[in-house]
1. Mean 1/r over all different Cα pairs, inverted: what Kirkwood radius does the chain give, in Å?
2. Determine the sum of side-chain charges near Asp104: Lys and Arg each +1, Asp and Glu each -1, restricted to other residues whose C-beta is under 13 angstrom from that of Asp104.
3. Between the helical axis of 2-22 and the dominant principal axis of the chain, each derived from Cα atoms, what acute angle in degrees is found, rounded to the nearest 10?
4. Who wins for biggest fluctuation among Leu22, Leu36, Leu82 in a Gaussian network model of the chain, springs between alpha carbons below 10 Å?
5. What is the count of Lys pairs in the chain whose alpha carbons sit under 18 Å apart, if the two are 8 or more places apart or on different chains?
6. Taking a Cβ-Cβ separation under 4.7 Å as the criterion for a possible partner, which cysteines of the chain have none?
7. Using the alpha-carbon atoms, what tilt in degrees (0 to 90, nearest 10) does helix 31-47 show relative to the longest principal axis of the chain?
8. Sorting check: for 66-72, 40-46, which peptide has the highest mean count of neighbouring beta carbons within 10 Å, and how do the rest follow?
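Every number in this text was worked out from the coordinates using simple rules, so none of it is lab data. Small disclaimer: the values here were computed from a predicted structure and weren't measured. Glycine gets a Cβ as well: all are built from the backbone with ideal geometry, and neighbour counts include every protein chain shown.
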Amino acid sequence: MLSFLANILFAVVFIWLFIDVLTSDSAKPSFINVLLMFGFLAYAYFTYRFVYKPLHSLPSTRIVKAPDFLISTNQFNAELELFRPTDYNIARITEYTSTCPICDSKVELDYGKPDRSYYMVGRCRGDPHAHVYSFDRMLMKGYFLGHGGYFDH
């Protein structure tokens, strides 16, 4: 909730400064105003990239990493999924975790890109690039995505 309020505050301040630059009487804006305009553009990009783009892909992918403003401050790994118990969709915050059978570390759901072709995979906290598992949210099952000889000594 705190990050959501901070986003609103930053948006209001940057929009106010942007309007101030556009409506100023001087022909040449000051350095600080130009810097603030670029700050506003960077803020708009990062808000689009990390908040709106994942939410926009939710209807087609059915599950995304939950943006920070939707989860509590003591929760770090949560997913937003569309759940369909009957004829309508329900958006719910979930947290899928497991234990890595290789090293007994915690396995958390994460995006598969850039090293995996799967949309969402389970990544071990101990070794997030070697201990990677597929994930089927309907069956609540997955399998190891490493090469076949990984367990052979």
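1. Taking every pair of different Cα atoms in the chain, averaging 1/r and inverting gives 18.6 Å.
2. Numbers: positive: Lys106, Arg125; negative: Asp127.
Around Asp104, the charge tally is +1.
3. 30
4. Looking only at Leu22, Leu36, Leu82, the biggest GNM fluctuation is shown by Leu22.
5. Final tally of qualifying lysine pairs is 5.
6. Cys103
7. The angle comes out near 30 degrees.
8. Values: 66-72: 17.0, 40-46: 13.3.
Result, highest mean Cβ count within 10 Å first: 66-72, 40-46.
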